[in-house]
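Novice: This is the structure, below, for whatever I ask next.
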Amino acid sequence: MIHAKDTDFETVKEIFYQHKQWFPHVRTDYMRREIAKGRLILDNDVVITYNYYKRKQKIGDVQAQQGDCVLHQIAAKNRNGSASKALKQFFKWTNRRVFLSVRSDNLIAKKFYEKNDMKIVGQTSWTKDGVKNALSGDVYMYDDNDGIFK
């Protein structure tokens, strides 16, 4: 996996802004911070942001463990299969359980995750304008428990 460098910032920004409908919360300072911390991958015009849990963490109604990976965002410049390829490489590279949450109404993303061997394991919700449960979401997990990549 290729981690983004400072010189990749404009490309990263362009990809996120292309998908502003699904990533309205992703600001330029966040992008710069994730690049600086080495938690933003830019590989063949696909952006992946992620982190590893330092302790047990709840994702909605699901319990993740210390060391599990949370995939924050994945976005591709083009719909040409590059995102699936990058995600599969990410699973192999990280070699651990990967969790993510996605809005329930983001049917394209949900179909993408399911096509790439992720399973719904729980639910979550986010507040909007102070209203609890304003946006519902699903929690997905990838677990290579049969050791394909090991």
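Novice: What are the extents of the Cα atoms of segment 16-150 along their three principal axes, listed from largest to smallest and rounded to whole Å?
Specialist: Result for segment 16-150: principal-axis Cα extents of 44, 31, 29 Å.
Novice: Same structure again: Taking the Cβ of Ile120 as the center, what net charge do the other residues with Cβ under 15 Å away carry, scoring Lys and Arg +1 and Asp and Glu -1?
Specialist: 0
Novice: Among Val47, Val98, Val62, which one moves the most in a GNM of the chain with springs linking Cα atoms closer than 10 Å?
Specialist: Val62
Novice: Would you mind getting me the FRET efficiency between Asn80 and His25? Use the beta-carbon distance for r and R0 = 41 Å, nearest 0.05.
Specialist: 0.95
Novice: So how exposed is Leu107, as accessible area in Å² (1.4 Å probe, rounded to 10)?
Specialist: Leu107 has an accessible surface of roughly 120 Å² with all protein chains in place.
Novice: Continuing with this model, one more query. Would you kindly work out the equivalent ellipsoid of segment 12-61 from its C-alpha gyration tensor and give its semi-axes, the square roots of five times the eigenvalues, largest first in whole Å?
Specialist: Its equivalent ellipsoid spans semi-axes of 21, 15, 11 Å.
Novice: While we're on this one: Quickly work out the Asp117-to-Asp143 label distance, labels modelled 7 Å from Cα along the C-beta direction, and quote it in nm with one decimal.
Specialist: 1.5 nm
Novice: Among the lysines, which have Cα under 16 Å from the Cα of Lys111 when same-chain residues fewer than 8 positions away are ignored?
Specialist: Within the straight-line cut-off, Lys111 pairs with Lys85, Lys88, Lys119.
Novice: Please identify the trypsin sites (Lys or Arg not before Pro) of segment 50-94 that satisfy two criteria: DSSP loop assignment and at most 12 other Cβ atoms within 10 Å. Which are they?
Specialist: Answer in residue order: Lys54, Arg55, Lys56, Arg79.
Novice: If I take R0 = 41 Å and measure r between the Cβ atoms of Gln66 and Gln18 in this structure, what FRET efficiency does the formula 1/(1 + (r/R0)^6) give, to the nearest 0.05?
Specialist: 0.75
Novice: In segment 51-93, what is the volume of the convex hull around the alpha carbon atoms, normalised per residue and reported in Å³?
Specialist: Here the figure is 86 Å³ per residue.
The values are calculated or read from the model by the stated rules, or taken from the named source; none is laboratory data. In this text the structure is predicted, and so the values were computed from the model without any measurement. All Cβ positions, even for glycine, are placed from backbone atoms using ideal geometry, and neighbour counts span all protein chains on display. SASA here: full protein model, heavy atoms, side chains in, ligands and nucleic acids out. Shrake-Rupley method; radii C 1.70, N 1.55, O 1.52, S 1.80 Å.
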